[in-house]
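Participant: Questions regarding the structure given below will be posed in turn.
Here, each number is a calculation from the coordinates, and none is a lab measurement. Computed from a predicted structure; not experimentally measured. Note: ideal-geometry Cβ built from the backbone for every residue, glycine included; neighbour counts use all protein chains shown.
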Amino acid sequence: MSDKETRERKIFRLSRRKALKGLAAGVGALALPGKDASASFWEAFFQKNFRELGKDDLRKVLARMEKEYGAQYGRAVKVKATPPIEGVQYGYALDLSRCIGCRRCVYGCVRENNQSRDPQIHWIRVLQMNKEKGVYLEEAEQYYNPAKVPEPGYFYMPVQCHMCKSPPCTKVCPVQATWTEKDGLVVVDYNWCIGCRYCMAACPYGARHFNWKKPGLPAAELNPDTHILGNRPRPVGVVEKCTFCIQRTRENPGRYPACVEACPVGARKFGNLLDPESEIRYIIENKRVFIFKEDLNTQPKFFYFYAT
Amino acid sequence: MSNRRWSYFFLLARIAAFFLPDAAALAGHQAEEPKTRKEEGAALQFPVPPPPFTPGIFPCSECHKEIKPNPKRRVLKDEHTNIVLNHAQGQRWCLDCHDAANRDKLRLVSGEKIDFSESYRLCGQCHGDKFRDWKVGVHGKRSGEWNGKKEYLLCAHCHNPHDPRYKPIQPLPPPVRPETIR
């Protein structure tokens with residue numbers, strides 16, 4: 001045997017197979033949590049998609065979350081999983097002739113739904129538009145800040161999740177972490193979301209928002225009445241959106257969403273589309289109703305109307 | 001053979017005659033289903049908070065019982081000088097809505113006296129379309145429970161009856177621009 005052959009036998013040669021093996025093992029080890037990982041981390045890691053959770057599993061998950069948030073924020077947090085009410089399809093209507101663009105709804109929503117204060121996340125975006133141009137998005141302004149609103153010559157159009165009957169956002173989700181519930185609410189499973197943000201690209205209303213950083217939510221400002229698919233504290237790297245205040249409206253009797261309560265001019269109307277006596281049905285039957293980006297056939301359950 | 005056929009025919013005719021009137025009545029009943037929504041009439045169905053009086057001003061009779069009513073249309077110089085009527089001022093003045101005899105009541109065109117807590121009936125005399133919308137919860141703010149107890153507001157909670165246009169307010173801060181986030 002020549003020197004060369006001996007050397008070749010003894011030398012470490014990196015084959016393609018070895019490299020892949022090593023890489024896989026290394027990446028796998030990196031993904032493992034360190035010694036500080038708690039049991040709840042592993043439970044969360046192996047938690048099923050919300051829609052596949054059995055009753056017992058769900059109870060355990062809720063208990064785990066309540067414990068986790070309780071420790072994190074130093075106060076009792078209630079996490080509910082209230083199911084949809086039979087015979088209810090939620091609908092929303094907003095009176096463009098009344099809205100004055102004061103943004104009370106924006107901050108009412110932030111307080112109720114535990115959005116991150118820093119970095120800032122708002123589920124409602126109020127657009128200021130020129131009355132002469134009409135709904136003309138190229139010149140819509142969301143950063144208006146005059147001393148007093150409404151400014152003459154402008155009207156205001158708050159935009160939030162439209163709870164589409166044919167939602168582009170849920171169709172593009174590669175892991176089915178977002179879906180439409182039986183009562184028409186489009187929700188997100190924050191534990192299942194992988195943060196790819198496809199849904200944000202698909203949504204024509206800009207209604208979905210991403211937690212780029214760990215949400216900055218002071219414990220004193222936390223709303224402890226939460227729903228697992230709604231306003232519970234979110235982890236970093238997931239998408240969130242308006243849920244028509246699922247933690248309020250799924251109760252029976254349930255309060256109006258926080259934005260309806262916050263609106264000083266009563267421009268926001270909410271109700272059951274299947275109830276012929278509801279104010280939302282009255283609006284659809286009697287008022288001039290306008291559907292935002294109707295040409296996209298998203299079939300929203302959010303309507304703009306003009307009451308006068 | 002043909003006799004029997006005829007008897008079957010008559011039997012069928014009898015059976016049909018027995019059922020048909022019922023079917024007709026049923027169809028008529030369905031057509032009578034109410035098509036209009038429930039009209040809420042009584043005042044009790046509009047739970048409203050107390051009227052937004054200027055503190056200390058009510059009851060009005062506290063002062064007015066000493067004063068003889070002066071039905072002459074004039075500019076008020078001694079009291080209520082802060083009230084500037086900017087609400088069809090050419091067509092009306094104080095005593096068109098405030099009752100001259102009982103100052104703690106409002107007065108409808110019909111002469112009926114109503115409480116301040118029912119003032120929507122007074123406003124509804126002219127603003128019938130808004131009143132109609134308000135009753136079903138479309139005009140004005142309604143809070144409470146969407147499928148339960150609801151709370152209304154009086155017209156006067158948002159609109160100053162003497163100057164009803166909604167006044168501009170300060171907006172809350174605009175969202176942070178993405179380019180300023182680091």
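Participant: Take chain A, connect every pair of alpha-carbon atoms lying under 10 Å apart with a spring to form a Gaussian network, then pick out the residue of A:K131, A:K48, A:K18 with the largest mean-square fluctuation.
Facilitator: It is A:K18.
Participant: Principal axes first, then extents: for the Cα atoms of the stretch A:157-235, list largest minus smallest coordinate on each axis, whole Å, largest first.
Facilitator: 38, 28, 25
Participant: Still on this structure, I have one more. Is there a simple number for the mean count of other chain Cβ atoms within 10 Å of the Cβ of residues in B:163-173, and what is it?
Facilitator: Working: counts 0, 0, 0, 5, 2, 10, 10, 7, 17, 13, 6.
The shielding value for this peptide is 6.
Participant: If the chain between A:E5 and A:K78 were fully stretched, how many nm would it gain, using 0.36 nm times the residue separation less the Cα-Cα distance?
Facilitator: Numbers: separation 73, 0.36 × 73 = 26.28 nm, distance 7.06 nm.
Residue separation times 0.36 nm, minus the Cα-Cα distance, leaves 19.2 nm.
Participant: How far apart, in nm, are two points set 7 Å out from the Cα along the Cα-to-Cβ line at A:K131 and at B:L95?
Facilitator: 3.9 nm
Participant: Going by amide H atoms built from the backbone, whose H comes under 5 Å of the H on A:N223, apart from near neighbours?
Facilitator: Amide H neighbours of A:N223: A:N114.
Participant: Could I ask something else about it? Given R₀ = 45 Å, what would the calculated FRET efficiency be for B:K72 paired with A:E141, taking r from the Cβ atoms and rounding to 0.05?
Facilitator: Working: r = 52 Å, r/R0 = 1.16.
The calculated FRET efficiency here is 0.30.
Participant: How much mean residue ellipticity at 222 nm does chain A get from its helices, if each DSSP H run of length 4 or more adds -39500 (n - 2.57) and you divide by all residues, to the nearest 500 deg cm²/dmol?
Facilitator: Working: 10 runs with 87 residues, N = 308.
Taken over chain A, the calculation gives -8000 deg cm²/dmol.
Participant: Taking chain A as a Gaussian network, Cα atoms linked when under 10 Å apart, which of A:N113, A:N145, A:N297 shows the biggest mean-square fluctuation?
Facilitator: Largest GNM mean-square fluctuation: A:N145.
Participant: While we're on this one: For B:I83 paired with A:W42, estimate the spin-label separation in nm (one decimal), with each label point 7 Å from Cα along the Cα-to-Cβ line.
Facilitator: In this crude spin-label approximation the distance works out to 7.6 nm.
Participant: Simple spin-label model, 7 Å along Cα-to-Cβ: B:V109 to A:E52 in nm?
Facilitator: 6.8 nm
Participant: If you average the C-alpha positions of the stretch A:9-63 and of the stretch A:195-229 separately, how far apart do those two centres end up, in angstrom?
Facilitator: 25 Å
Participant: Compute the Cα gyration tensor for the protein assembly as shown, then decide on rounded, prolate or oblate, letting a ≥ b ≥ c be the square roots of its eigenvalues: rounded whenever a/c is under 1.5, prolate when a/b is larger than b/c in the other cases, and oblate in all that remain. Can you show the working numbers first?
Facilitator: Numbers: a/c = 2.60, a/b = 1.44, b/c = 1.80.
Since a/c reaches 1.5 but b/c is at least a/b, the shape of the protein assembly as shown is classed as oblate.
Participant: Another question, then. Karplus couplings for the stretch B:87-93 from phi (6.51 cos²θ - 1.76 cosθ + 1.60, θ = phi - 60°), rounded to Hz, Gly and Pro as x?
Facilitator: 7, 6, 5, x, 9, 8, 8
Participant: While we're looking at this one, here's another question. Shielding of B:143-156 by partners, i.e. mean partner chain Cβ atoms within 10 Å per residue?
Facilitator: Values: counts 7, 5, 8, 21, 13, 5, 2, 3, 1, 1, 1, 0, 0, 0.
Across B:143-156, the average partner-chain Cβ count within 10 Å equals 5.
Participant: Arrange the following residues from fewest to most other Cβ atoms within 10 Å of their Cβ: A:Y136, A:Y256, A:Y154. Mind showing how you got there, number by number?
Facilitator: Values: A:Y136 11, A:Y256 26, A:Y154 19.
By the 10 Å Cβ count, ascending: A:Y136, A:Y154, A:Y256.
Participant: Quick check: from the Cα gyration tensor, does the stretch A:90-306 come out rounded (a/c under 1.5), prolate or oblate?
Facilitator: Working: a/c = 1.39, a/b = 1.25, b/c = 1.11.
It is rounded, given that a/c, with a ≥ b ≥ c, falls under 1.5.
Participant: What ³J(HN,Hα) values, in whole Hz, does the Karplus curve 6.51 cos²θ - 1.76 cosθ + 1.60 give for the stretch A:303-308 when θ = phi - 60°, with x put for Gly and Pro?
Facilitator: Ordered by residue, 3J(HN,Hα) equals 10, 9, 9, 10, 7, 9 Hz.
Participant: Can you give me the long-range amide H partners of A:F305? Hydrogens built in the peptide plane at 1.01 Å from N, cutoff under 5 Å, separation of 5 or more residues or another chain.
Facilitator: A:L94, A:D95, A:L96, A:F290
Participant: Of all beta bridges DSSP finds with both residues in chain A, what is the antiparallel percent, to the nearest 5? Could you put the intermediate results ahead of the total?
Facilitator: Numbers: 21 of 28 bridges.
Expressed as a percentage, antiparallel bridges in chain A total about 75.
Participant: Shifting gears a bit: DSSP H helices in chain A with Cα extent of 20 Å or more along the helix axis and mean Kyte-Doolittle hydropathy at least -1.0? Kindly include the intermediate steps, with their values, before the conclusion.
Facilitator: On the way: long enough: A:16-31 (23 Å, 0.41); A:55-73 (27 Å, -1.26).
Membrane-span-like by this rule: A:16-31.
Participant: Now a separate question. Take chain A, connect every pair of alpha-carbon atoms lying under 10 Å apart with a spring to form a Gaussian network, then pick out the residue of A:R255, A:R234, A:R103 with the largest mean-square fluctuation.
Facilitator: Sorting by GNM fluctuation, first place goes to A:R255.
Participant: Partner chain Cβ atoms within 10 Å, averaged over the residues of A:267-276 - can you pull that number for me? Can you show the working numbers first?
Facilitator: Values: counts 2, 2, 6, 3, 4, 2, 0, 0, 2, 2.
That average works out to 2.
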